[in-house]
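Structure record follows, encoded as structure tokens.
Just so it is clear, none of the values below were taken in a lab; they were calculated from the coordinates. Because the structure is a prediction, the values reported are computed rather than measured. Please note: Cβ atoms are built from the backbone with ideal geometry, for glycine as well, and neighbour counts cover all protein chains shown.
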Amino acid sequence: MSFIWPQLLLSLILLPLGIVVYRALETRRRRAMIKVGLGLGQAPVRRRVRLRAQIPSVLFVAGLAVLLVALARPQATVDLPREEGTVVLAFDVSGSMAADDLKPTRMAAAKAATTAFVQDQPAGVVIGVVAFSNAGLSVQAPTDDQATVLAAIKRLAPQQGTSLAQGINASLAAIVLAENPPATNYYSNRTPAPSVSPVPVPPGSDSSAVIILLTDGENTQPPDPTAAAQAAADRGVRIDTVGIGSAAGTTLTVDGFKVHTQLDASTLQQISQVTGGTYYAAGDEQALTRIYSDLGSRLVVKPQMIEVTALFAGGGILLLALGAIASLAWLGRLP
């Protein structure tokens with residue numbers, strides 16, 4: 001336990017001083033009663049009665065002590081479960097996402113299901129959006145402003161080729177930046193310290209961060225997506241892959257050419273397996289909606305420092321009230 005105003009704990013010194021003053025006044029009162037004859041001729045007080053007569057005073061002293069501790073504003077560390085984390089939605093915006101084997105199109109179905117997913121997230125979750133085709137681009141940095149995220153999703157449209165690695169790398173960079181925001185930059189002529197490569201951790205160990213990769217899985221551009229997935233795994237970030245489209249695929253026209261596109265499930269399964277994530281196959285719009293209902297943030301238990309002044313204040317007042325009730329019931333007066 002710690003205290004916001006620990007210096008106020010010095011007020012506890014006043015408590016023994018108050019006890020000494022009270023006992024001195026009580027002794028003077030008894031002597032005065034004996035002097036005028038009010039204490040003469042009374043039967044000896046039994047030990048049990050004497051002890052009971054001291055209980056109200058003990059309760060009063062304990063109550064005052066607890067209230068004085070409350071003045072220092074005590075804090076305690078407790079484990080509070082709450083839904084939180086960083087989610088990056090990595091959208092494949094390659095030309096193949098215009099295919100209509102997922103109605104009305106792969107892109108439109110993915111955007112509709114993702115919109116519902118974003119709206120269902122609790123306030124503790126920050127969401128970013130990354131669009132990738134032959135390159136990765138962070139369309140929206142992770143934020144808890146759902147309206148901003150939804151606007152970014154709405155702007156997405158099919159473009160060129162597919163580089164899964166670029167999408168993974170851009171998503172991982174967004175998560176790292178969200179979890180470790182840069183310090184305020186001040187002018188300096190010092191040479192920047194060299195960046196240190198992070199020590200690899202078990203895959204999926206970062207329970208508060210996830211990349212949701214929405215793609216048909218057809219990788220047509222370098223670099224190798226397996227290496228990018230391993231980089232995410234080394235940081236403990238899991239990748240849940242959502243396969244958009246069908247295994248049979250469909251044919252669409254791109255720049256006057258007929259192109260056949262189909263779901264590459266094996267590549268997506270490999271990516272999710274390497275990172276400790278899960279692969280989901282979205283064969284139709286209803287399946288895609290069900291998938292997103294399972295992709296919610298995890299319940300994370302984190303130690304948090306909370307102020308418990310109210311508990312101490314309530315306990316102190318309760319002890320004072322019990323002391324007052326006991327004193328009135330047994331002694332016919334307040335202590």
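Which peptide among 1-13, 64-76, 229-241 comes first, and what is the full order, when sorted by highest mean count of other Cβ atoms within 10 Å?
Numbers: 1-13: 12.0, 64-76: 17.8, 229-241: 23.5.
Peptide ranking by packing, descending: 229-241, 64-76, 1-13.
Name the long-range amide H neighbours of Phe3: under 5 Å, sequence gap of 5 or more, or other chain; modelled H, no Pro or chain starts.
Excluding prolines and chain starts, which carry no amide H, the hits are Gln75.
How much net charge surrounds Trp5 when only the other residues with a Cβ under 14 Å from the Cβ of Trp5 are counted, with Lys and Arg +1 and Asp and Glu -1? Before the final figure, lay out each step's value.
Numbers: positive: Arg73; negative: Glu307.
Net charge in that neighbourhood comes out at 0.
Explain nothing, just the number: dipole magnitude of region 54-149 about its Cα centre with +1 on each Lys and Arg Cβ and -1 on each Asp and Glu Cβ, in debye rounded to the nearest 20. Provide the component values of the computation, followed by the final result.
Working: 5 positive and 9 negative charges, 40 e Å.
So the magnitude is around 200 debye.
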